[in-house]
Amino acid sequence: MSIARLIAAVVIAATATTFLSATPAAARVKVGSLGCDISPGFGVIIGSKRTLNCIFTPSSPGRPSERYTGTITKLGIDIGTLAGGGMIWLVYAPTNRLDGALQGSYSGVAANATVGLGVGANVLIGGFEGSIALQPVSAEGTSGLNIAAGVANMILTWVPPAPAPKRHISQR
């Protein structure tokens, strides 16, 4: 069995275990998706840290997208170098009224394998009072030479929208 297939099996098992054990499915609804651009980086055997630039797209029509920045840190085996990549998660929460509620710390199991082009997955639980689940729907698209498996921690910071410009009312 190749290393990539072994890691894929670990990712699938970890995804099912983490997502199903966190909170009963009836308690959460799909509220949108979170797409993140992930910075280039390198693993230093026991871990790695990379920056994120993310957009949350709500499922509800008419709701504006939200921007988040952050970091993802992996602790465990992480050896090699990676070009930048991307990840998309489905966002599950107890309510679809989120304005900035994705801000916070998330933890879960992570695994990826890259030789040239590679894939990985990170199932994460956290956010507002630990009530938000991020389930990967699009694997991390990376390029480089890297293997990683361990625990991931992601911290997201909400970037509020810029205030609307004030209108000047002239007095005559």
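The values are calculated or read from the model by the stated rules, or taken from the named source; none is laboratory data. Please read all numbers here as calculations on a predicted model, not as lab measurements. Positions of Cβ are generated from backbone atoms using ideal geometry, with glycine treated the same way; all protein chains shown enter the neighbour counts.
Restricting attention to the stretch 123-149, which residues are at pLDDT 65 or above and either assigned to a loop (DSSP other than H, G, I, E, B) or not β-branched (V, I, T) (or both)? Step through it out loud before you land on a result.
Filtering the stretch 123-149 for residues at pLDDT 65 or above gives 123-137.
Within the stretch 123-149, L124, G126, G127, F128, E129, G130, S131, A133, L134, Q135, P136 meet the criteria.
Which condition number does Y106 fail, the rest of (1) crowded, with 19+ Cβ neighbours inside 10 Å; (2) modelled with pLDDT under 80; (3) not hydrophobic (A, V, I, L, M, F, W, C) being met? Of (1) crowded, with 19+ Cβ neighbours inside 10 Å; (2) modelled with pLDDT under 80; (3) not hydrophobic (A, V, I, L, M, F, W, C), only one is false for Y106: (2).
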